[in-house]
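Enquirer: Let me begin by handing over the structure; questions about it come next.
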Amino acid sequence: MKFVSEEETGLFYNAYAKAMGFSVRKHKSKRHRGNEGYVKWRDWVCSREGKRNKKHLERTDRKRRHRDETRIGCGAKFRVCCMSNTIGNYVVTEFVSTHNHPLVAQQCVPFLRLHRHVGDADVAQLMAMRNVGMKPSQIMGYMTCQSGGFQNVGFTFSHLRNKLHRERTQEIRNEDAEGALGYLSAQVSNDSLFFFKYSVDEEDRLETLFWADGRSQMDYAAFGDVLVFDTTYQTNAYKKPFVILAAVSNNFMTTIFGCALLSKETEETYNWVLATFLEAMDGKRPIFMVTDGDLEMRNAIRNIFPHARHRLCSWHLERNATKNVHRPEFVSDFTKLMQMECEIEEFESLWADMVSHYGLQTNAWVVEMYKDRERWAEAYLLGHFFVGMRTTQRCEEVETITEHSTPVLITQLKTLEKNGTEVYTRYIFKLFQDEIQHMFALIVAHRVDEVERRLYFIEMYSQPESNWTVEYYAIKSRMNCSCLMFESFGLPCCHMIVVMKYEHLLTIPLVMQRWTRCARPVAQQPNRGQLSRTASQKARYGILSSGYNLMSFYALQGQDSFEDAREVKYEMTSWIRKRCERKKNNEWNTEIGEASNGQFIFGVGDLPVGKTKGNPGKKLSAQHYQNPRKCSHCKCRGWNIRCCTSIVNLQLDIAIMSMKRKIPNSGSSPYLRRSKRLAALSLDQSIEGRDEDEINVRVGGESKDMSNSISHCDNDSYGDSDGENDGETESHVGSDGESNSELRSGNISKTLQSDVKYNLFI
C-alpha cells in the first residue's frame with residue numbers, strides 16, 4: 001500500500017483501529033537530515049504497547065495507590081517508509097495485526113481516548129445551542145438523543161465542556177490588548193459611526209483606551225446636556241480605573257455615551273479622556289456634569305469644559321462624612337441639609353447651627369466642604385438642570401414597556417392628562433400624573449393681573465405658610481414658578497398645573513423636548529452596516545439546520561426516502577468539503593481584526609497591573625506582604641484553629657484515655673486490636689518531628705502531660721495490672737492544675753512512646 005503523506009497514513013491506521021476496536025499512538029520515527037526535514041519512516045503501535053517502568057512499582061515511599069495498568073506489552077505495529085528522496089511516496093513495510101489483549105466492542109469504541117473527538121460539525125451545533133442559553137448538560141442530553149445513545153455521540157461530557165471553554169477563550173489568546181483592539185477594529189466595519197482611540201507608553205504598552213459606538217453618539221446629541229463622569233475600580237484583572245460617561249434618556253433610563261480604560265489617575269490622563277470624548281461627539285460640550293469629586297478630575301473638567309456647572313456625587317459625600325466625622329447623627333443631618341430645597345439664607349443658618357451643635361468648627365473636612373458648598377448643596381444648585389441626578393450611581397435595571405399600550409387616566413383633568421400621554425414618554429408621564437394628583441391639595445389665594453403677565457399666589461390647603469408664586473405669560477405661553485422645578489428637572493410642577501386648570505388650558509404649554517417621545521428622531525439612527533463574518537456564519541448555520549431538519553422529518557417516513565437522503569448527504573458533504581479544502585487562505589475561519597497567519601497586527605502590550613485609588617480588594621499581588629494566619633485558640637501565627645497543635649494534642653490524649661476506659665481488655669477482640677493500632681499510629685505521627693521539650697511538658701491550661709494522663713488512667717481503671725510502667729514517669733498534679741514532673745531521662749520521648757504503646761497493646 002502506498003500513501004501520499006505521513007498524515008494520510010496515520011488517518012488510515014486510525015480508521016482501521018477504530019473498525020477493529022483498539023486505539024493507536026505514534027511511536028518511533030526518523031527524519032531526513034537535509035533541509036526538507038521530512039519523515040523517512042514512522043511507527044504506529046497499539047496504545048497498550050510497552051510496560052510500566054519497574055522503579056515506579058518498587059517504590060517504598062509511595063503514598064497513593066497504583067493506577068491501573070494500561071500498557072501490557074502489546075505487539076501490534078504499523079510501519080511506513082518513504083522509498084524516495086521526494087515527499088509523497090510512503091509504503092507499508094511492516095504490519096503486525098495480533099494483539100495480546102481482547103479488543104473493545106464496537107459500542108465501546110467511541111469511549112477510547114483516541115476516538116473521542118468533537119468534530120467541526122459538532123462544534124458548530126453546540127456553539128449555536130450555547131449561544132441561545134442552553135447549559136452544557138442540556139446540550140449533551142440533546143446530542144445523545146439525536147445520535148441514539150452515548151455510544152454514538154463520539155465524545156463524553158468532559159470533552160464537550162472543555163471544547164466549549166476552548167472556543168470561548170480562543171479569541172483571547174494571551175494578549176488582552178491585542179484582542180481588545182482587534183474587537184474594536186471589527187466594530188468599525190459593522191458600525192460606520194463607531195469611534196475608538198488609544199495611546200501607548202514608552203514601552204509600547206496600552207496606556208489609555210476610549211470607545212463609543214454610533215448609538216451612543218446619537219444619544220449624546222439628544223441627551224448630552226448632562227454628563228455623569230463615573231470611575232469604577234476592581235472591574236478588570238489589571239486593577240485599572242474604568243471610566244463610564246453616561247446620563248439619562250427621555251425614558252429616564254441610563255444611557256452610556258462612552259467608556260475609557262486608564263492606566264493611571266492623573267490630570268493629564270483625564271484631560272486626554274475628555275478631549276477624546278469631545279472629539280468623538282463632534283465638539284458638543286455638556287452643560288452640567290456630575291462627578292465623585294476627585295481633585296485631578298476637577299482640574300481636567302475646568303480645563304476642557306470651563307463653562308460646565310459641576311456637581312459632586314451625594315453618595316460619595318455621605319461616605320466621606322462617615323469616614324471623616326465618625327458620628328452617625330451628623331451624617332444623617334448632613335444628608336438632610338444637602339438635599340433640602342430651601343433659600344440660601346436658610347441653608348447658611350441651618351449649617352451654622354449644625355456645626356455648632358456637634359462642635360465641628362475646627363474639623364478640616366467640614367471646613368473644606370463648606371467652602372465647596374456650591375457644588376453639592378441643593379439650595380445653591382436649585383434651578384440648574386441636572387435632570388434629578390444627585391449621584392453617579394445609576395440603576396441599570398429598567399422596567400420593560402409595551403409600546404402598543406396606553407396609560408390609564410386616573411385624574412379629573414382628562415384632557416390635560418391625555419395630552420401628557422401623547423407628548424411625554426411613559427416614565428415621565430407617570431411623574432407628570434403624580435404632579436396632577438398633588439395639585440388638588442393647592443388653592444389659588446389671589447391673582448394679580450399685569451400688562452404682559454398674571455401673578456398667581458398658590459397656597460397649600462390648610463397650610464397658608466406654604467406658598468408659591470407662578471408667573472403666566474399668555475401671549476408667549478410661558479410659565480415661571482418660584483419652586484424652580486421646571487428649571488431643575490424640565491417638568492411642569494403642581495403649582496403650574498393649578499394655573500393651567502384656572503386658565504382652562506387643554507394642552508401643556510411648557511414641554512421640554514428632552515422628555516418627549518420624539519427626543520431621539522427616528523432618522524438619527526446609526527448605520528449598522530453589514531453583519532460580521534462570524535454573525536453571518538451563525539445565521540447561515542441556523543438556516544441550513546432548519547432546512548435539513550424538515551428534510552430529515554420527511555426522509556425518516558420510509559426506508560427508500562431514508563436511503564436516498566443519506567446518499568445525497570454523503571455526496572453533498574464530500575463535494576463541499578473538497579471545495580473548502582481548496583481554499584488556501586482559509587478565509588471562512590479567519591476572524592475580523594486578526595491576521596490570517598495568527599500574528600498580532602497592533603503591536604501593543606497589555607497594561608501593567610497596578611494599584612488604584614479605589615478599594616484594593618481581597619486579591620493581593622505577589623509584591624504585597626500578607627500577614628500569616630493567627631490561631632484564635634492559642635493566639636500564635638502560622639496556623640489556624642483547625643490545625644492548632646495544642647488542640648490536636650488534647651484530642652489525642654482524650655481519645656487514648658477514652659479508649660482505655662471504655663474498650664474491654666480482651667486480647668482476642670479484633671476491634672480492640674485495630675483501635676489500639678490506630679491510636680499507636682496517631683501517636684507516632686504526633687510525636688514525630690516534635691522537640692523533646694514539647695513532648696515532655698504540655699501544660700498551661702491546654703492539656704496535661706500525656707504520661708500523667710495515662711498513668712492516672714492506669715491507676716483508676718486497671719489497678720496494679722500496669723504498675724510495672726508507673727514507676728518510669730512520676731507526675732504529681734497540685735491544686736493549681738500544673739504538672740510538677742521531673743523527667744530526668746535524656747531519651748524521654750522514646751520512653752514515653754514505648755510506654756504508651758505497651759499500655760495500648762497489653
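Enquirer: Give me the net charge of residue 439's neighbourhood, meaning all other residues with Cβ under 13 Å from the Cβ of residue 439; Lys, Arg count +1, Asp, Glu -1.
Expert: Neighbourhood net charge equals -3.
Enquirer: What is the gain in length, in nm to one decimal, between residue 487 and residue 1 on full extension, counting 0.36 nm per residue of separation less the C-alpha to C-alpha distance?
Expert: 166.0 nm
Enquirer: Would you please put 282-289, 336-343 in order of how densely packed they are, using the mean number of other Cβ atoms within 10 angstrom per residue and starting with the highest?
Expert: 282-289, 336-343
Enquirer: Okay, moving on. Quote the FRET efficiency, to the nearest 0.05, computed for residue 629 versus residue 137 with a Förster distance R0 of 41 Å and r equal to the Cβ-Cβ distance.
Expert: So the FRET efficiency works out to roughly 0.60.
Enquirer: Go through the range 278-283 residue by residue and turn each phi into a ³J(HN,Hα) via Karplus (6.51, -1.76, 1.60, θ = phi - 60°); whole Hz please, and just put x for glycine and proline.
Expert: 5, 5, 5, 9, 6, x
Enquirer: With a cut-off of 18 Å, note down the residues of the range 276-318 whose backbone N falls inside the zone around a label point 7 Å from the Cα of residue 336 toward its beta carbon.
Expert: 318
Enquirer: Please report, as a whole percent, how much of the solvent-accessible surface of the range 124-258 comes from carbon and sulfur atoms (probe radius 1.4 Å).
Expert: That share works out to 52 percent.
Enquirer: Starting from the alpha-carbon convex hull of the range 399-485, give the projected area averaged over all orientations, in nm².
Expert: 7.4
Enquirer: Take residue 380 and residue 580, extend 7 Å from each Cα along the Cα→Cβ direction, and tell me the distance between the two endpoints in nm.
Expert: It is 6.7 nm.
Enquirer: I'd like to know which of 74, 57, 19 lies farthest towards the positive end of the charge dipole of the range 14-76, counting +1 on Cβ of Lys and Arg and -1 on Cβ of Asp and Glu.
Expert: Value computed over the given set: 57.
Enquirer: If Rh is defined by the Kirkwood formula over all Cα pairs and Rg also comes from Cα, what ratio Rg/Rh do you get for the range 67-147?
Expert: With Rg and the Kirkwood Rh in hand, the quotient comes to 1.17.
Enquirer: If R0 is 60 Å, what FRET efficiency do you get for residue 266 and residue 415 from their C-beta distance, rounded to 0.05?
Expert: 0.55
Enquirer: Okay, moving on. Pairs 30/77; 239/630; 135/578; 163/240: which are spaced more than 24 Å apart, C-alpha to C-alpha?
Expert: Going by Cα-Cα distance, 239/630; 135/578; 163/240 fall outside the 24 Å limit.
Enquirer: A follow-up question, please. Subtracting the Cα-Cα distance from 0.36 nm times the residue separation, let me have the gained length for residue 51 to residue 72 in nm, one decimal.
Expert: Contour length minus Cα-Cα distance gives 7.0 nm.
Enquirer: Sticking with this one: Measuring from label point to label point, each 7 Å out along Cα→Cβ, what is the residue 554 to residue 406 span in nm?
Expert: Here the modelled spin labels are 4.7 nm apart.
Enquirer: Among 319-331, 495-507, how do they line up by average Cβ neighbours within 10 Å per residue, starting with the highest?
Expert: 495-507, 319-331
Enquirer: How long is the gain from residue 546 to residue 647 if the chain were fully straight, where each residue apart is worth 0.36 nm and the alpha carbon distance is subtracted?
Expert: Full extension from residue 546 to residue 647 adds 29.7 nm.
Enquirer: Taking a probe of 1.4 Å, how large is the accessible area per residue of the range 126-284, in Å²?
Expert: Accessible surface, normalised per residue, equals 45 Å².
The values are calculated or read from the model by the stated rules, or taken from the named source; none is laboratory data. Remember, it's a predicted structure, so these values are computed and weren't measured experimentally. Neighbour counts run over all protein chains shown; Cβ positions are idealised from the backbone, glycine included. Areas reflect the complete protein model, heavy atoms only, side chains present, ligands, DNA and RNA absent. Shrake-Rupley method; radii C 1.70, N 1.55, O 1.52, S 1.80 Å.
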